[in-house]
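Heads up, the thing below is written out as structure tokens.
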2 protein chains.
Amino acid sequence: MDLKEVTKDSKEIFKGRILRLRVDTVELPDGSQGTREIVEHNGAVAIIALDDEGRLKMVRQYRKAAEMIMLEIPAGTLETGEDPLDCARRELEEETGLKARHWEKILSYYSAPGFCNEVLHLYLARDLYPGEKNPDEDEFLELVDITLEQAYHMIFQGQICDGKSIIGIQYAYYRMERT
Amino acid sequence: MDLKEVTKDSKEIFKGRILRLRVDTVELPDGSQGTREIVEHNGAVAIIALDDEGRLKMVRQYRKAAEMIMLEIPAGTLETGEDPLDCARRELEEETGLKARHWEKILSYYSAPGFCNEVLHLYLARDLYPGEKNPDEDEFLELVDITLEQAYHMIFQGQICDGKSIIGIQYAYYRMERT
């Protein structure tokens with residue numbers, strides 16, 4: 001069966017600062033029509049930054065969508081046309097004041113492919129050294145250092161509860177356990 | 001520092017079938033104002049369903065937002081007021097034709113808390129037995145059976161690339177490795 005959905009019509013509903021919304025009319029595999037509500041996003045990066053003692057650099061910030069303070073790995077949104085690794089370097093320094101000599105791509109994934117095209121690029125940063133801290137003007141952050149093992153257990157206690165941090169911490173914790 | 005952002009104004013932009021969009025004007029921690037573009041979603045469930053041979057039940061489907069066929073674990077959107085476990089039982093049967101005698105909650109997480117309130121509830125289902133297959137009328141799926149180990153490696157080859165599947169597979173693979 002050809003699973004593809006062919007766009008018959010596309011209507012832009014909203015164009016904002018970080019996201020756009022459109023509604024597509026699609027032809028489904030059986031020839032009938034359906035609609036798809038789709039959020040467009042530039043994509044983002046997130047960074048597992050580990051210091052020489054194996055401690056993970058995390059940030060606490062208020063997440064308006066969730067109406068709660070979250071403990072997350074450093075992350076940020078891609079500017080149009082920006083290279084993801086350049087963005088990761090920029091965001092790590094802006095949010096934590098740190099640079100890294102060693103960068104490694106872990107993976108890229110869709111955060112919510114049922115309705116959103118956001119791709120998140122996840123990096124491992126090691127061999128950290130001081131840069132300049134310079135958060136965006138509408139970003140208010142607190143830095144938290146934590147061991148990978150602590151972070152891993154906090155996932156299952158619900159204290160770390162965002163997708164990118166969970167994926168990155170699972171990856172790094174298991175990799176550390178094996179080496 | 002109090003990180004909370006206080007809502008000063010909220011404007012509904014769109015109310016659709018599976019999502020709503022609003023723009024909030026907020027007072028930031030330093031007293032200045034900002035805007036937050038927020039997608040509201042009912043939340044969803046996803047299921048790591050393992051058969052008695054340790055094979056994972058996955059589904060292939062076209063994801064319009066990503067414009068690609070994705071290989072994912074079974075999942076679906078919560079109806080208003082629906083209990084997540086009831087939803088997980090329903091979605092597993094609708095998408096795979098299987099029921100499970102053993103259900104276990106793994107965790108709940110925010111898929112994209114920077115702009116969306118979607119919470120995804122992840123379950124482990126074991127001791128599977130046949131039910132009735134009955135996908136939604138606008139869902140076209142193909143079932144795929146795969147070992148956990150295959151699935152795990154496909155994450156890092158980019159062949160499994162959605163957040164919920166990556167979190168669930170990493171969890172189940174490491175748990176299996178340790179037992």
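The values are calculated or read from the model by the stated rules, or taken from the named source; none is laboratory data. As the structure is a computational prediction, the values presented were derived from the model and not from experiment. All Cβ positions, even for glycine, are placed from backbone atoms using ideal geometry, and neighbour counts span all protein chains on display.
Kindly provide the set of residues from the stretch A:105-119 that are within 16 Å of B:I155 (Cβ to Cβ) and either surrounded by fewer than 24 Cβ atoms within 10 Å (Cβ to Cβ) or in contact with a helix residue (DSSP H, G or I) (Cβ under 6 Å, 6 or more places away or on another chain) (or both), ordered by number. Outline the logic, then answer.
The initial filter retains those residues of the stretch A:105-119 that are within 16 Å of B:I155 (Cβ to Cβ), namely A:105-111, A:113, A:119.
A:K105, A:I106, A:L107, A:S108, A:Y109, A:S111, A:V119 - these are the residues of the stretch A:105-119 that are within 16 Å of B:I155 (Cβ to Cβ) and either surrounded by fewer than 24 Cβ atoms within 10 Å (Cβ to Cβ) or in contact with a helix residue (DSSP H, G or I) (Cβ under 6 Å, 6 or more places away or on another chain) (or both).
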For this session: Restrict the check to the stretch B:58-72 and report whether at least one residue is closer than 24 Å to B:F115 by Cβ, assigned by TED's automatic domain parsing to the domain that holds B:L120 and touching a helix residue (DSSP H, G or I) at 6+ places or on another chain (Cβ under 6 Å).
Result: yes
Exercise. How many of the residues in the stretch B:60-80 are among the aliphatic types (A, V, I, L, M), buried (at least 18 other Cβ atoms within 10 Å of the Cβ) and more than 19 Å from B:A49 (Cβ to Cβ)?
Worked result: 2
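Which residues, counting only those in the stretch A:114-133, are closer than 18 Å to A:S165 by Cα and facing another protein chain (nearest Cβ under 10 Å)?
As a first pass, look at the stretch A:114-133 and keep what is closer than 18 Å to A:S165 by Cα: A:118-126.
Matches in the stretch A:114-133: A:E118, A:V119, A:L120, A:L122.
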Problem set entry | Criterion: part of a strand (DSSP E or B) and more than 27 Å from the chain's Cα centre (by Cα) - qualifying residue of A:D9, A:D24 | A:D9
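State all residues of the stretch A:140-179 that are hydroxyl-bearing (S, T, Y) and under 30 Å from B:G31 (Cα atoms); if no residue qualifies, say none. Talk me through it step by step, then tell me what you get.
Step one: list which residues in the stretch A:140-179 are hydroxyl-bearing (S, T, Y), which gives A:147, A:152, A:165, A:171, A:173-174, A:179.
Matches in the stretch A:140-179: A:S165 only.
Quick check on this structure: which one of B:A100, B:A88 is over 15 Å from the mean Cα position of the chain (by Cα), of a type outside the set (V, I, T) and more than 13 Å from every other protein chain (Cβ to nearest Cβ)?
Details: B:A88 fails: over 15 Å from the mean Cα position of the chain (by Cα).
Result: B:A100 is the single residue among B:A100, B:A88 that is over 15 Å from the mean Cα position of the chain (by Cα), of a type outside the set (V, I, T) and more than 13 Å from every other protein chain (Cβ to nearest Cβ).
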For this session: Read through the list (1) within 12 Å of chain B (Cβ to nearest Cβ); (2) under 21 Å from B:E5 (Cβ atoms), then give the number of the only condition that A:L107 fails.
Result: (2)
Exercise. Under the condition of being away from chain B (no Cβ under 11 Å) and free of Cβ contacts under 8 Å to residues at least 60 places away in the same chain, which residue from the stretch A:43-74 is farthest from A:G97 (Cα to Cα)?
Worked result: A:E53
Exercise. Which number in (1) crowded, with 17+ Cβ neighbours inside 10 Å; (2) assigned by TED's automatic domain parsing to the domain that holds A:P130; (3) farther than 19 Å from A:D145 by Cβ marks the one condition that A:E94 misses?
Worked result: (3)
Exercise. Right, B:Y173: within 14 Å of chain A (Cβ to nearest Cβ), surrounded by 15 or more Cβ atoms within 10 Å (Cβ to Cβ) and in contact with a Cys (Cβ under 7 Å, 6 or more places away or on another chain) or not?
Worked result: no
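Pick from B:D136, B:D83: which is surrounded by fewer than 20 Cβ atoms within 10 Å (Cβ to Cβ), at pLDDT below 95 and within 25 Å of B:V39 (Cα to Cα)? Give the steps one after another, and end with the answer.
Details: B:D83 fails: at pLDDT below 95.
On inspection, the qualifying residue turns out to be B:D136.
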Exercise. If you take the residues of the stretch B:120-133 that are without any contact (Cβ under 8 Å) to a residue 60 or more places away in the chain and surrounded by 13 or more Cβ atoms within 10 Å (Cβ to Cβ), which of them is nearest to B:P74 (Cα to Cα)?
Worked result: B:K133
Problem set entry | Selected residue (criterion: nearest to the other protein chains (Cβ to nearest Cβ)) from residues of the stretch A:155-165 that are in a loop (DSSP other than H, G, I, E, B) and touching a residue at least 60 places away in the same chain (Cβ under 8 Å) | A:C161
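Inspect all residues belonging to the stretch A:38-50 and state whether any of them is modelled with pLDDT of 95 or more and either of a type in the set (S, T, N, Q) or out of contact with any strand residue (DSSP E or B) (no Cβ under 9 Å at 6 or more places or on another chain) (or both). Walk me through how you get there before you give the answer.
Filtering the stretch A:38-50 down to residues modelled with pLDDT of 95 or more leaves A:38-50.
Filter once more, keeping what is either of a type in the set (S, T, N, Q) or out of contact with any strand residue (DSSP E or B) (no Cβ under 9 Å at 6 or more places or on another chain) (or both): A:42.
For the stretch A:38-50, residues modelled with pLDDT of 95 or more and either of a type in the set (S, T, N, Q) or out of contact with any strand residue (DSSP E or B) (no Cβ under 9 Å at 6 or more places or on another chain) (or both): present.
Determine whether the stretch A:166-174 contains at least one residue that is closer than 27 Å to B:C116 by Cβ, outside any helix (DSSP H, G or I) and of a type outside the set (S, T, Y). Explain how you work it out, then say what you get.
So the first thing to find is which residues in the stretch A:166-174 are closer than 27 Å to B:C116 by Cβ, and the list is A:166-173.
With outside any helix (DSSP H, G or I) added as a condition, the list becomes none.
For the stretch A:166-174, residues closer than 27 Å to B:C116 by Cβ, outside any helix (DSSP H, G or I) and of a type outside the set (S, T, Y): absent.
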Problem set entry | Of all residues in the stretch B:134-154 being assigned to a strand (DSSP E or B) and over 30 Å from A:I73 (Cβ atoms), the one that is nearest to the other protein chains (Cβ to nearest Cβ) | B:E142
For this session: Please work out which residue is nearest to the other protein chains (Cβ to nearest Cβ), limiting yourself to the stretch B:1-42 and to residues that are over 30 Å from B:G81 (Cβ atoms) and among the acidic types (D, E).
Result: B:D30
